[in-house]
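Structure first, commentary second.
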Amino acid sequence: MQKVYNISSTISFSDALARHLITKYEQDPLNLSDVEIYLPNKRACRNLQNAFIRVKGEKSLMLPKLTAIGDIDEDDLLLATINITNSKDFLSLLPEIAPFKRLFLLTRLILSKPNSFGVGKPSEDQACYLANSLVTLLDNIYLEELSFNELQKLVPDEFASHWQETLDFLKIITEYWPQILQDEHCSDRAARVIKLIDLKAKFISENKFTNEVIIAGQFATYPAMLRLITSIYNQKNSKIILQGLDRHLDDNSWLEIEENHPQSDTKKILETLGLSRVDVAEWQYDETINIEKEKFISEVMRPAKTTHLWQNLTGKTTQSAINHINSLEFEDSNQEAIAISLIMRECLETPEKTCSLVTNDRFLARRVANNLLRWGIKINDSAGIPLNQSPNAIFMRLIISAISSNFAPHDLLALIKHPLFSLGFDKAHKNKITAMIDKKYLRGPRVDNGLDGLVNKITDGDEDIKIFINKLKVATQNLIEISSETEIDFASIIKSHIILAEELAKTDKLEGEKVLWSKDIGISLSNFFSDILENKDALGLITPSGYLGLLEALMTSIAVRPKFGLHPRLSILGPIEARLQQSDITIIGGVVEGVWPKLNSADPWLSRPMKQEYGYPLPEKQIGILAKDFADLLSAKEVYITWFIYFF
């Protein structure tokens, strides 16, 4: 029985799958709800749900069971089958350690080893960034099922002296971290996900299903995922659906595919199942696929070792292969953003037509989103904006900056000019006082002694300004006193910071908490501080001078995504979010070195030879994944590739 299929990347994967299932179960629509479909992530599940709606229209429909394997949790298992959740293996699973708690514990461990790198004690924010990279290292070790013991066995004499120090430093995760997890009675998220996937694979292997089971999409190929794919493949009524299998590459070149090639993961899945490309059947399509474009992309992405075969190509590329692939070059990124905005705006002139900008360049994404606001278009940027760049978070940072500099003129002015700063005054009165302070008292020679010096400088007749400054002085007194300590409890300074922010954000009509914690940005910031306070004891004492940097480091990885009021036909996506779907127009933005592909950041923990010896994923793997994304985007019906010229 045929079990493995391929859907061409020149058509929408989600639409093709939805259309097939609706047609297959048209006579028995209720049976569609018994179909189980495993997809890479929750975004892919939402895309498939939307595809069912597009194909079916306004008619009612019972959807199949959709499970996001990359984001699997207890709810997925509970909905899939109660037998797993009653099993001894499931009940023995330890709860997941909270992300902030893990980060704080690792930061605390790093701060406790001040001389490990020979550069003195790191600051709190430096330790936090190092802890974040340790989290990535831990997750990859779990996913690849590597052993901490093997990490300890890396022979120090074979590496430079600073790598020997690093190996000693990594005792944090080889010796201390497992013991900490045991004491906390928790497990790392990646380790827990592996166990959940294995439980699902075990259940599938031990049971015979009468309903249809499908695993579809572009999957990672770490060991647990390959075991799940194998368990599904061995079921009688199952399908494995690949995307964009390269059928045009010659067999010798196929053998030369390495990790940096877009077909690397697909090749690994087929090898795991003991199959070759001829064993994969092509999906039955209701629309015409572009074979010539498939051949063109296959040649463009040919393995490096066989690119000499390009000289044997005869004839010209057919027009159908490159038709509707447009390249646009600009002098700077601002021009690029304007052009992309115009393409997206023009798309809206045609009813029901859709357009997506796919890019890794977040600055370009934000510029495009801001340009579209000129036409009143609020666009869905899947990456959102970093929390530390949101207005509410900037306001929180300005408070600490002003106190740290003893209200230096530029810091004081930045704070009181911020839109969220009111201090109980109405907006018009506050803006008038701010303008007077700026013009009369903050220009010219610097005022010493902070707010006290400024109050003494205020002349008669400016009583409103004096009241304003004195009120600010009283409000900030508590946080100033805390900041003067040598060390302070992390929770204490956060609580004082929040109380002050609410006081400064208070208007003549609204309490500060209703101003500061409202809307999507305020809710995200509120959740951020709530999560920190919930795990505050894991970090302990910090230096007040390191608080601002630590806060910035913690905010950097948090994104704010609006939930409502966004345009339904335009979107800005990252490569991961763009998988398994197609728009009528696809714009691949920022196609320059360092964006496609991303520059590999320096790894502070393992050198390349150390990774090879340990079996840790090399940077080429990420290049291969991004190359697959690029090839799939290039396969869309109408494509614009944009970039701007770098002048050195």
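Among the residues of segment 582-613, those that are in contact (Cβ under 8 Å) with a residue 12 or more places away in the chain, closer than 17 Å to Phe644 by Cβ and small (Gly, Ala, Ser) comprise Gly589, Gly590. When the criteria are applied in full, Glu287 fails the requirement of being buried (at least 17 other Cβ atoms within 10 Å of the Cβ) and touching a helix residue (DSSP H, G or I) at 6+ places or on another chain (Cβ under 9 Å). Restricting Leu79, Leu63, Leu48 to residues that are part of a helix (DSSP H, G or I) and either modelled with pLDDT of 80 or more or of a type in the set (Asp, Glu) (or both) narrows the list to Leu48.
Taking the residues in segment 602-648 that are acidic (Asp, Glu) and open to solvent by less than 40 Å² (accessible area, probe 1.4 Å) as candidates, determine which candidate is nearest to Pro262 (Cα to Cα). Applying the filter and picking the extreme gives Asp629. Scanning segment 1-33 for residues that are of a type in the set (Asp, Glu) and either modelled with pLDDT under 90 or outside any helix (DSSP H, G or I) (or both) returns Glu26, Asp28. Filtering segment 519-527 for residues that are on the phi > 0 side of the Ramachandran plot, part of a helix (DSSP H, G or I) and either of a type in the set (D, E, K, R) or open to solvent by less than 50 Å² (accessible area, probe 1.4 Å) (or both) leaves a non-empty set.
Rundown of residues vs (1) assigned to a helix (DSSP H, G or I); (2) open to solvent by less than 80 Å² (accessible area, probe 1.4 Å); (3) farther than 21 Å from Tyr547 by Cα; (4) of a type outside the set (Lys, Arg), yes/no style:
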position	(1), (2), (3), (4)
Ile465	yes, yes, yes, yes
Gln477	yes, yes, no, yes
Ile480	yes, yes, no, yes
Glu485	no, no, no, yes
Ala491	yes, yes, no, yes
Lys495	yes, no, no, no
Ile498	yes, yes, no, yes
Ala501	yes, yes, no, yes
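Residue-by-condition table, conditions (1) in contact with a helix residue (DSSP H, G or I) (Cβ under 9 Å, 6 or more places away or on another chain); (2) closer than 20 Å to Glu593 by Cα; (3) surrounded by 19 or more Cβ atoms within 10 Å (Cβ to Cβ):
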residue	(1), (2), (3)
Thr272	yes, no, no
Ser276	yes, no, no
Ile322	yes, no, no
Asn326	no, yes, no
Asn334	yes, yes, no
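Within segment 227-270, the set of residues being in a helix (DSSP H, G or I), open to solvent by 20 Å² or more (accessible area, probe 1.4 Å) and in contact (Cβ under 8 Å) with a residue 40 or more places away in the chain comprises Thr230, Tyr233, Asn252, Ser264, Asp265, Lys268. When restricted to residues that are open to solvent by 10 Å² or more (accessible area, probe 1.4 Å) and not small (Gly, Ala, Ser), segment 11-38 contains 15. Listed conditions (1) touching a residue at least 60 places away in the same chain (Cβ under 8 Å); (2) open to solvent by 80 Å² or more (accessible area, probe 1.4 Å); (3) part of a helix (DSSP H, G or I); (4) in contact with an Asp or Glu (Cβ under 7 Å, 6 or more places away or on another chain) are all met by Glu513, apart from (1).
If you check Leu573, Leu633, Leu618 for being more than 30 Å from Glu487 (Cβ to Cβ), at pLDDT 85 or above and within 18 Å of the chain's Cα centre (by Cα), only one passes: Leu573.
Per-residue answers, yes or no, for (1) acidic (Asp, Glu); (2) under 15 Å from Val639 (Cβ atoms); (3) in a helix (DSSP H, G or I):
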residue	(1), (2), (3)
Gln284	no, no, no
Thr288	no, no, no
Lys295	no, no, yes
Ser298	no, no, yes
His308	no, no, yes
Gln311	no, no, yes
Ala321	no, yes, yes
Asn334	no, no, yes
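The values are calculated or read from the model by the stated rules, or taken from the named source; none is laboratory data. Just so it is clear, the model here is predicted, and its values are computed rather than measured. Here the Cβ is made from the backbone with ideal geometry for all residues, glycine too, and neighbour counts use every protein chain on show. Heavy atoms of the whole protein, side chains included, go into the accessibility calculation; ligands, DNA and RNA do not. Shrake-Rupley method; radii C 1.70, N 1.55, O 1.52, S 1.80 Å.
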